[in-house]
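Some notes on the structure that comes next.
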Amino acid sequence: MIEAGKKAQIKWHDGNWGFLDCGFSTNARSCGLIIGDEKPKRVRFGEAKDRIIAQVTHSKSPMGLVIEAPLSVCFNKAGNPSGRSLERESANGKRMTRYWHNGLGCAVMVAAMYLVREIWHAAPKIPVRLFE
């Protein structure tokens, strides 16, 4: 089961967490990955996917998975990509935006979608709670 994580579920209690800074390169170790209490590692996308799948399929308690990639999108009334309110940030008092549909946002969103699809196909017996 895959579900959206809730703020109240952000607790370290059992260390069953994964953190993925998602990359999507053919040859480079473009992903940063931490599972539980392990040290951070630079890995290729395929290795990150395999390690996360192994963790969710062998876990006995719900797993929190933080993915540094857009996991939701927004479109305007005309059906065109639009920014989400959480993408507005302030730098030096100036308002800036980093919308999901600009730059690398779409590429890492595709990578995240493939990862989530693989988790779904693995049919973990525990909830996998996604956080962006």
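General observations
- Subset of segment 1-40 [part of a loop (DSSP other than H, G, I, E, B), closer than 16 Å to F131 by Cα and either of a type outside the set (F, W, Y) or at pLDDT 95 or above (or both)]: M1, G5, K6, I10, K11, G15, N16, C22, G36
- Matching residues, segment 115-132, being farther than 14 Å from L65 by Cβ and surrounded by 14 or more Cβ atoms within 10 Å (Cβ to Cβ): none
- Residue list for segment 5-33, restricted to those being among the hydrophobic types (A, V, I, L, M, F, W, C), surrounded by fewer than 18 Cβ atoms within 10 Å (Cβ to Cβ) and in contact with a strand residue (DSSP E or B) (Cβ under 6 Å, 6 or more places away or on another chain): F19
- Picking from residues in segment 104-132 that are farther than 23 Å from I10 by Cα and of a type in the set (A, V, I, L, M), the one that is modelled with the highest pLDDT is A122.
- Of the strands (runs of 3 or more DSSP E) entirely within segment 53-103, those holding at least 1 residues that are of a type in the set (G, A, S) and either modelled with pLDDT of 70 or more or under 20 Å from the mean Cα position of the chain (by Cα) (or both) occupy 63-68.
The values are calculated or read from the model by the stated rules, or taken from the named source; none is laboratory data. The shown structure was predicted, so the numbers you read here are calculated from the model rather than taken from an experiment. Quick reminder, even Gly has a Cβ in these numbers, built from the backbone with ideal geometry, and neighbours come from all protein chains shown.
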